[in-house]
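Written below as structure tokens is the structure these notes are about.
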Amino acid sequence: MENPYRYLATHSTPQTEALEWIEKQTHVRTNHARMLTGAVQGRFIKMLAEAISPRRILELGTFTGYSAVCLAMAMPADGHLDTLEINDELEDLILEGFRRSGLEDRISLIIGDAKETLARFRQEILEEGTRPEYDLVYIDANKREYPEYYRLVFDMVRKGGYILADNVLWDGKVYLDPMPQDRQTLGIDGFNRMVADDPRVESVIIPVRDGLNLIRKL
């Protein structure tokens, strides 16, 4: 049976030239092209973000910058996106993709450990008032750390804002019986359970690609 992704991509709005460049370079210059957001999911998160109309976006896990460009395309002209990535070897590729998209002035790339950066941002938002709250947070970083990311970013999101988490089905491992006990699977399952049990939000898991958890802060 042919992979339905090819059909979905063919019958969806095509990628921009910049996104095509990022996709190609990801395959050529990295060993983890499977981590790329890709055309279908990229178009989906862009359209979803456009419906939310966020002026401030925070992304955890840039990889090669594909999803950051998709999200930034959805922002109004005065919007800004902060995106975090731990792998400094990808910095040149990421920044070139931003430049080719024409969005480099609206995206700030922060290289370093996500939890350390989030702790600093949290202080700037909650204690110092020097950084505005976020309208949308997109989580696509270390799967083992998803519960901790959720705890760190929650108070940084405005009331009525959204958190969007990728890979929440984790290749179907989270609903296997018995469920695998590796740290990545346990992290994702723990995150999904935490969100489902949180009375401060409403949420729905959308089976797009490897699963997106859409969470609205009440």
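The values are calculated or read from the model by the stated rules, or taken from the named source; none is laboratory data. Note that the structure is predicted; figures quoted are calculated from it, not measured. Neighbour counts are summed over all protein chains in view; Cβ atoms, including those assigned to glycine, are modelled from backbone coordinates with ideal geometry.
Say whether the condition of being on the phi < 0 side of the Ramachandran plot, acidic (Asp, Glu), at pLDDT 95 or above and under 17 Å from the mean Cα position of the chain (by Cα) is met by at least one residue in the range 14-22. Step through it out loud before you land on a result.
If we filter the range 14-22 for residues that are on the phi < 0 side of the Ramachandran plot, which is where we start, we get 14-22.
Now drop any that are not acidic (Asp, Glu), which leaves 17, 20.
Going one step further and asking which of them are at pLDDT 95 or above, we end up with 17, 20.
Adding the requirement that they be under 17 Å from the mean Cα position of the chain (by Cα) leaves none.
No, because not a single residue in the range 14-22 is on the phi < 0 side of the Ramachandran plot, acidic (Asp, Glu), at pLDDT 95 or above and under 17 Å from the mean Cα position of the chain (by Cα).
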### Query
Just wondering, is there one or more residues in the range 87-100 that are under 23 Å from LEU214 (Cα atoms), of a type outside the set (D, E, K, R) and either part of a loop (DSSP other than H, G, I, E, B) or in contact (Cβ under 8 Å) with a residue 40 or more places away in the chain (or both)?
no
### Query
Yes or no: PHE63 within 30 Å of LYS173 (Cβ to Cβ), surrounded by 14 or more Cβ atoms within 10 Å (Cβ to Cβ) and of a type in the set (Phe, Trp, Tyr)?
yes
### Query
Taking into account only those residues within the range 167-184 that are touching a helix residue (DSSP H, G or I) at 6+ places or on another chain (Cβ under 8 Å) and in contact (Cβ under 8 Å) with a residue 24 or more places away in the chain, which is farthest from PRO207 (Cα to Cα)?
ARG183
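Do the conditions hold for ARG209, that is, is it under 22 Å from LEU84 (Cα atoms), surrounded by 16 or more Cβ atoms within 10 Å (Cβ to Cβ), of a type outside the set (Val, Ile, Thr) and at pLDDT below 95? It would help to see each step written out before you state the result.
Numbers: under 22 Å from LEU84 (Cα atoms): no; surrounded by 16 or more Cβ atoms within 10 Å (Cβ to Cβ): yes; of a type outside the set (Val, Ile, Thr): yes; at pLDDT below 95: yes.
Judged against the criteria, ARG209 is not a match.
Conditions tested, residue by residue: (1) in contact (Cβ under 8 Å) with a residue 12 or more places away in the chain; (2) surrounded by 20 or more Cβ atoms within 10 Å (Cβ to Cβ).
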residue: GLU104; (1), (2): no, no
residue: ALA114; (1), (2): yes, yes
residue: THR117; (1), (2): yes, no
residue: ARG120; (1), (2): no, no
residue: GLN123; (1), (2): no, no
### Task
Identify the single condition in (1) buried (at least 23 other Cβ atoms within 10 Å of the Cβ); (2) over 16 Å from the mean Cα position of the chain (by Cα); (3) part of a loop (DSSP other than H, G, I, E, B) that PRO132 does not satisfy, given that it satisfies every other one.
(1)
### Task
Taking the residues in the range 51-72 that are among the aliphatic types (A, V, I, L, M) and within 14 Å of the chain's Cα centre (by Cα) as candidates, determine which candidate is farthest from LEU136 (Cα to Cα).
VAL69
